[in-house]
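The values are calculated or read from the model by the stated rules, or taken from the named source; none is laboratory data. Computed from a prediction, not measured in an experiment: that's the story for all the values here. When we count neighbours, we look across all protein chains shown, and the Cβ atoms used for this are built from the backbone with ideal geometry, even at glycine.
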Amino acid sequence: MAPRFVFVTGGVASSLGKGIAAAGLGTLLRARGLNVALMKLDPYINIDPGTMSPFQHGEVFVTDDGAETDLDLGHYERFTDQPTSSMSNITTGQIYDSVIRKERRGAYLGATVQVIPHITDEIKARIFKLGRESKCDILLVEIGGTVGDIESQPFLEAIRQIPHDVGKENCLFLHLTLLPYLGAAGELKTKPTQHSVRMLREIGIQPDGIICRTDIRMSPDQRRKIALFCDVDQRAVFESTNVNVIYEVPLMLHQQALDNWVVTKLGMITHDAEVAEWKRLVDRIKGAKETIRVGVVGKYIELQDAYKSIYEALDHGAAHHGVRLETERIDSEVTNPASLADALSKVDGILIPGGFGSRGIEGKVFAANFAREKGIPFFGICLGMQVALIAFAREVCGLPEANSKEFNEVTQDPVIDLMESQKAVLDLGGTMRLGAYPCAIKAGTKVADAYRERQITERHRHRYEVNNKYIETFEKNGMIIAGRFEESDLVEIVEYPNHPWYIGCQFHPEFKSRPLSPHPLFRDFIGAVTESRRAKETAAGEKLVSNN
Ligand code: GLN
């Protein structure tokens, strides 16, 4: 069966949570027993976000097949619990790159190569390819940016054409817009939505349904007005109000029968959506009373999206243990160790995420030592693992000059070195060690307890690795190599055993964590943090009793 298509466009403002809305709808369609695939069309000219700064783009999400992609793919995977791939995120850069290569090969047989039809055909070909290869019943296609942007026009034109290719009855257009709340008027305003729908109609797209992002609930009158002015059915005006827990979004959309409306419009017959486990999850998150605090030590701490999957994975672990997580974002660039120590001593667990470049490194090394010495549960991810080893080499192994070659090319003890396979690499885009690789786990470790498996696969994004020349020194001083990629003899996981929980991994486990099945390492890290918090409270209680 050829797939049906749901196109999700955005209007009025960016950052409305189109990705979460699309993922939320994906969850509901999956819960109705349908096969669903999601993809994101990004209008920027970069081939992928891999070379962009976190200030520009937030996190780079990595797929199993090693694509560096938009963070919305993280939402897709977390909500629908199925992997995406390099086919799930296309950019203007990729489209032009492939059209220009074809032109150079002479594939256009003398034609003048134009936006319509050549660019739009290439966009459509990518959409149809995913539809075919994923064997999905419904392909949800999110168009990045906001209607009216110059960049997104070829993408909008491409999706405008698709109903002509596959039949109007097989396509649905959903437009997500903002209803701004004007405090002075005390109401939500619908005019910007009317204008953005008018812009869509000017380019030939009539939305079938509208999802309104609002701070407060819409009135029936506003719903009628939007339906009338935007020429949609009143039952096709949905709202998405702010929620505290993002995993409530599918439930909120289900309450308004969005999924029922979609399948009915597409002429599909399914059972009702089974959302009981999502309800239980949200209840568990909201009902949590005990609070734990995890410090995330990084240099993009002020950016909401820079460590998106890490924050989500921590939340999954907290939901599993029924605790309320407060993440303390700790800036690794503070130059005063006393203030860093002060911030670190206030948390129950410390996590150092991935990163690039030397800025803020010494603060991270300090935090890794602090956690090890004070017995604070510690989780180092990618760069976080590398700094944990630098810290260990300097403080415990008697190598005060230990460093990574990334930060000091001439260090006398390069405990972290450039991977052999990276030495000839010149281009920065798409050239790291990327995607899923297997890893063999050492028996008898906390890591083995967590995974309950001896062979795992995890996703990577790095150029540097543990220098094997130092493994003996590390082991002699008590660090365990708990996971290896045997084929290339790469250290993938380290564990310090004389400690409540001190683990570092070269890969990014956060990409594989799901709300309903937290990643084993995040789950057990949060378990250790919770125990450590309880032990502190018990000790504080006993002290109080003995003082009285
Ligand atoms: N900068 C380090 C490397 O390239 C770590 C990368 C990361 O944390 N993703 O190896």
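Miscellaneous remarks
- Within region 308-331, the set of residues being among the hydrophobic types (A, V, I, L, M, F, W, C), part of a helix (DSSP H, G or I) and touching a strand residue (DSSP E or B) at 6+ places or on another chain (Cβ under 8 Å) comprises I310, L314, A318.
- Among residues of region 490-530, those that are acidic (D, E) and more than 16 Å from the ligand (Cβ to nearest atom), counted: 2
- Qualifying residue in region 118-139 (condition: in contact (Cβ under 8 Å) with a residue 60 or more places away in the chain, in contact with a strand residue (DSSP E or B) (Cβ under 8 Å, 6 or more places away or on another chain) and in a strand (DSSP E or B)): yes
- Hits in region 336-373 (condition: part of a helix (DSSP H, G or I) and either among the aromatic types (F, W, Y) or within 16 Å of the ligand (Cβ to nearest atom) (or both)): I361, E362, G363, K364, V365, F366, A367, A368, F370
- The condition of being under 25 Å from the mean Cα position of the chain (by Cα), surrounded by 22 or more Cβ atoms within 10 Å (Cβ to Cβ) and of a type in the set (S, T, N, Q) holds for only one of S513, S517, that being S513.
- Looking across region 374-420, the residues that are of a type in the set (S, T, N, Q) and within 12 Å of the ligand (Cβ to nearest atom) come down to Q386, S404.
- Failed item in (1) surrounded by fewer than 23 Cβ atoms within 10 Å (Cβ to Cβ); (2) of a type in the set (D, E, K, R); (3) part of a helix (DSSP H, G or I), with D524 passing the rest: (1)
- For region 236-274, filtering for residues that are in contact with a strand residue (DSSP E or B) (Cβ under 9 Å, 6 or more places away or on another chain) and either under 23 Å from G167 (Cα atoms) or in a helix (DSSP H, G or I) (or both) leaves 12.
- Residue check, V141 of a type in the set (A, V, I, L, M), modelled with pLDDT under 95, closer than 20 Å to F5 by Cα and buried (at least 21 other Cβ atoms within 10 Å of the Cβ): no
- There is no residue in region 461-475 that is more than 16 Å from the ligand (Cβ to nearest atom), part of a strand (DSSP E or B), modelled with pLDDT of 95 or more and among the β-branched types (V, I, T).
- Among the residues of region 316-375, those identified as aliphatic (A, V, I, L, M), buried (at least 19 other Cβ atoms within 10 Å of the Cβ) and without any contact (Cβ under 8 Å) to a residue 40 or more places away in the chain are I330, L340, V365, A368.
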